[in-house]
Amino acid sequence: MCGTRNSLEITGSYLIFDGGLNRQLIVDGSTQSGGGEHLIYPYGPSTEYVTLSRLVARDNGKLKSRAIADEDWSTVSVAGYGNYLKIYNSEVYGSYAAGIYGGMGDYQEVKNNIVHDNCGVGIQYNPHDTNADYKGKTIASSDEITISGNLVYNNGHCWTDEIRPGITILSNINTLYDIYVYNNIIWGNKAAGIETSNYNNIRARIYGNTIFNNTDFGLLIKTEDIIIKNNIIYGNGPSGSADFSISAYNNRINYSSIDFKNNLVGTLKNTHSDLSQFAIGNIIVTNPQFISTNSVSSDYLKFSSTSPAIDSGTSIPLVTTDFFGTPRPQGTGYDIGAYEYPAGGGGDTTPPSAPTGVMVI
């Protein structure tokens, strides 16, 4: 289904859209050329408990003229509104703007998706003030959000002057509280792997991600109430020189309020302030010993049996498995990063089979 407005607009509750094992439900936006269209758009004051599972959302706004509409960031593939929205096991790519965009709603989950090659951010949560017609709210909020187990790569590269990371969680005049970002594998994105902003309207927890080879930074942090633990942040920035950063222009941040522990970090870099405090309790400038840094390899970003990441993490009750579903811990402690080295070694990274018999709508 394609046209000049939203292709699949969902208003209602307790609805499931499931493409099956081979993602046979495809929403294709390659013929949409107007502004502000979404491919999949749950919205409305009565829209709750919507599940989007095993879908493909692709090429939204592909025909849009970038020379004319560079500032139009409202053309996204999946725009998430409503409480208890779940986006599972789907592939989202080729959007003119963000791949998945969460605007408002509590208890949302974005899990086990492949989000890649979108012009804007791969996954973004940014609650906005409303038109005063959403359940009587005049100020938007998103609370209890989970972003986990996603592959997020090669997003944000269409424009040279925009900061469009792999995952962005931000809020300006509104609130984004208790957002959990864990077990994601994030690489090759513009600007940063993960960005958090803005100052004091966010409460974020970032656990057990592998963040590698992003253009400028691994983490771009512009907020205070944040816990960052058990992440591999390595090889990001020009020549791998800028793995971690707190924004230089946001000098309101109280650095001591950021709980940054048990991470493996290639470099601590900031143009504004001394980050030496973040060296305490972390592994700094240490190679994680990835078996492969070739993204087509089945061993991509898995680490060898001698990796310093093994058993070096801290226990996090929320994160009971790794990206592949392996229970944590396998050894004497949690491993750092999205991968838990199995007690017997190895681990299945076989990609899913290519879709067959698909239905394009």
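Packing-based ranking of 13-20, 84-91 yields 84-91, 13-20, ordered from highest to lowest mean Cβ neighbour count within 10 Å. Across segment 182-323 the C-alpha pair distances fall into 10 Å bins from zero in the proportions 12, 45, 35, 8, 0 percent. In this simple spin-label approximation, VAL296 and SER257 carry label points 7 Å from Cα along the Cα→Cβ vector, and these lie 4.7 nm apart.
No lab work stands behind these numbers, since they all come straight from the coordinates. Owing to the predicted nature of the structure, the values given are computational and were not obtained by experimental measurement. Positions of Cβ are generated from backbone atoms using ideal geometry, with glycine treated the same way; all protein chains shown enter the neighbour counts.
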